[in-house]
Amino acid sequence: MAQSVFDKNELYRLLQEIPCGRVTTYGVLARRLGNVRLARAVGNALHKNEDGSKFPCYKVVNSRGELSVAYKFGGIKAQKERLEADGIVVNDCRVDLEKYLWI
């Protein structure tokens, strides 16, 4: 049976490790937490993140590099602005994972 929970504190710690100018995916975070099948649960936890300054969930995109429609702190426009402020190029609401992915 798949692990159904993970330590949210560990998730938020991982967010703080993502370097400026890099993004990661829900799946990468889930894998780092011990179970790649928890990518959706990671997304749900990030949507509940109460401190976007301390825990930069804007640096997380889907497996295709697409920005999140449900980004908690303002939607795609706000996520795009934050990523671009980090030096990440966003084209058509997508990030080039070959160039910017942090694993």
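The values are calculated or read from the model by the stated rules, or taken from the named source; none is laboratory data. Small disclaimer: the values here were computed from a predicted structure and weren't measured. Glycine gets a Cβ as well: all are built from the backbone with ideal geometry, and neighbour counts include every protein chain shown. Surface areas here come from the heavy atoms of the whole protein model, side chains and all, with no ligands, DNA or RNA. Shrake-Rupley method; radii C 1.70, N 1.55, O 1.52, S 1.80 Å.
Does V23 qualify as being among the β-branched types (V, I, T) and within 12 Å of the chain's Cα centre (by Cα)? So V23 fits the description; yes. Among the residues of the stretch 6-16, those identified as more than 20 Å from G74 (Cβ to Cβ) and touching a residue at least 12 places away in the same chain (Cβ under 8 Å) are F6, D7, K8, E10, L11, L14, Q16.
Let's see how each residue does on (1) in a loop (DSSP other than H, G, I, E, B); (2) over 13 Å from the mean Cα position of the chain (by Cα):
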residue	(1), (2)
G43	no, no
D51	yes, yes
L83	no, no
I103	yes, no
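Over 16 Å from C93 (Cα atoms), assigned to a helix (DSSP H, G or I), without any contact (Cβ under 8 Å) to a residue 60 or more places away in the chain and of a type in the set (A, V, I, L, M, F, W, C): does that describe V28? It is false that V28 is over 16 Å from C93 (Cα atoms), assigned to a helix (DSSP H, G or I), without any contact (Cβ under 8 Å) to a residue 60 or more places away in the chain and of a type in the set (A, V, I, L, M, F, W, C).
Is one or more of the residues making up the stretch 86-102 modelled with pLDDT under 95 and surrounded by fewer than 19 Cβ atoms within 10 Å (Cβ to Cβ)? Scanning the stretch 86-102, I find no residue that is modelled with pLDDT under 95 and surrounded by fewer than 19 Cβ atoms within 10 Å (Cβ to Cβ), so the answer is no.
How many residues are of a type in the set (D, E, K, R), open to solvent by 30 Å² or more (accessible area, probe 1.4 Å) and within 17 Å of G27 (Cα to Cα) if we restrict to the stretch 50-85?
Narrowing the stretch 50-85 to residues of a type in the set (D, E, K, R): 50-51, 54, 59, 64, 66, 72, 77, 80-82, 84.
Okay, now just the ones that are also open to solvent by 30 Å² or more (accessible area, probe 1.4 Å), so 50-51, 54, 64, 66, 72, 77, 80-82, 84.
Narrowing further to those that are within 17 Å of G27 (Cα to Cα): 64, 66.
Going through the stretch 50-85 one residue at a time, the tally reaches 2.
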